[in-house]
Amino acid sequence: MSGINLSQAINGPFMFVHEVTGTYLLTDNYNDNVGEAVQTWNLDPAMKNKGYLGHLWYIEPTGAQDTALIKSFENSRCLTAGATAKDYPRLREPDGSLHQEWIIRRVHGSDQVAHDADSYALLPRVYPEYALGPQNNYVSNNVYVVPTSMWGGPPSISQYWKPVFRGEKRDLPTNGGIA
């Protein structure tokens, strides 16, 4: 089981795998430059070259209940909600803004069943009635990910993400080569 433990200082790195499509959350163009949006992608195996690890994320608790920063693996840039709920979330330098805080809500999983994978909805703290999902609910590969309405109810399966633990940072290549 690869659940997120918000009592730890830092969790990850994780890949966030979409429950319906099996695609993963990736920064646009695989890099984590400031201003990059996020999308779904399915390259298998995922890239391992330094500078192209935009599919790996850290979770850093903020101290608020079920709330964390979602940070890029290589440069610790924060996934940041836009000026409106429907704007593309983009990577920004950490600035203490509530737009960078995400409610990490467990939506599936079992503490009693060892192989029952945990799934989570990722809600922007400033727009808690929305959760990250494929834009226009278009469940496919290569689709931008945006906050989508939960319509006053719980998150839908199109807003479920499974964190897949990718090992310690030292296990990933640092020399730019393929492992």
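The values are calculated or read from the model by the stated rules, or taken from the named source; none is laboratory data. Keep in mind that this is a model prediction, so the values were computed, not measured. In this analysis, Cβ positions are derived from the backbone assuming ideal geometry, glycine residues included, and neighbour counts consider all displayed protein chains. What goes into the accessible areas is simple: the full protein's heavy atoms, side chains included, and nothing from ligands, DNA or RNA. Shrake-Rupley method; radii C 1.70, N 1.55, O 1.52, S 1.80 Å.
Of D44, D28, D87, which has the most accessible area and how do the rest follow, probe 1.4 Å?
Per-residue accessible area, sorted high to low, gives D44, D87, D28.
Given Cα pairs under 8 Å that are at least 6 residues apart, what percent is the relative contact order of the chain?
Relative contact order here is 27 percent.
Using the Kirkwood radius built from alpha carbon pairs, what does the Stokes-Einstein equation give as D for the stretch 15-76 at 4 °C and 1.567 mPa s, in µm² per second?
Roughly 105 µm²/s, to the nearest whole number.
Say the dipole of the chain comes from +1 at the beta carbon of Lys and Arg and -1 at that of Asp and Glu; which of P128, A64, A83 then lies farthest toward its positive end?
A83
Order K71, K50, K86, K162, most accessible first, counting only protein heavy atoms with a 1.4 angstrom probe.
Of K71, K50, K86, K162, the descending order of accessible area is K86, K50, K162, K71.
Considering the Cα positions of the stretch 40-132, please state its Rg to one decimal place and its Dmax as a whole number of Å.
Radius of gyration, then largest Cα-Cα span, for the stretch 40-132: 14.5, 41 Å.
In nm, give the distance between the simple-model label positions of N33 and A64, each being 7 Å from the Cα along the Cα-to-Cβ direction.
The modelled label-to-label distance comes out at 3.1 nm.
Sorting Y160, Y120 by accessible area (1.4 Å probe), largest first, what list results?
Sorted by accessible area, descending: Y160, Y120.
With the Cα gyration tensor of the chain in hand, convert its eigenvalues to equivalent ellipsoid semi-axes via √(5λ) and list them largest first in whole Å.
22, 19, 17
Which Cα, out of Y52, T23, G96, lies furthest along the positive dipole direction of the chain (beta carbon charges, K/R +1, D/E -1)?
Among Y52, T23, G96, the one farthest towards the positive end of the dipole of the chain is Y52.
Using the beta-carbon distance between R106 and K50 and R0 = 35 Å, what value does 1/(1 + (r/R0)^6) give for FRET efficiency, to the nearest 0.05?
That pair, R106 with K50, gives E of 0.60.
About the Cα centre of the chain, how large is the charge dipole given +1 on each Lys and Arg Cβ and -1 on each Asp and Glu Cβ? Please answer in debye to the nearest 20.
Roughly 180 debye, rounded to the nearest 20.
Got a number for the accessible area of L6? Probe 1.4 Å, square angstrom, nearest 10.
Surface accessible to solvent at L6 totals approximately 50 Å².
Report, by chain and number, residues whose modeled amide H sits under 5 Å from the one on Y120, excluding near sequence neighbours (fewer than 5 apart, same chain).
Hits under the 5 Å cutoff: V107, W161, K162.
Could you calculate the FRET efficiency of N141 with S7 from 1/(1 + (r/R0)^6), where r is the beta carbon distance between them and R0 is 35 Å, rounded to 0.05?
The pair N141/S7 has a calculated efficiency of 0.55.
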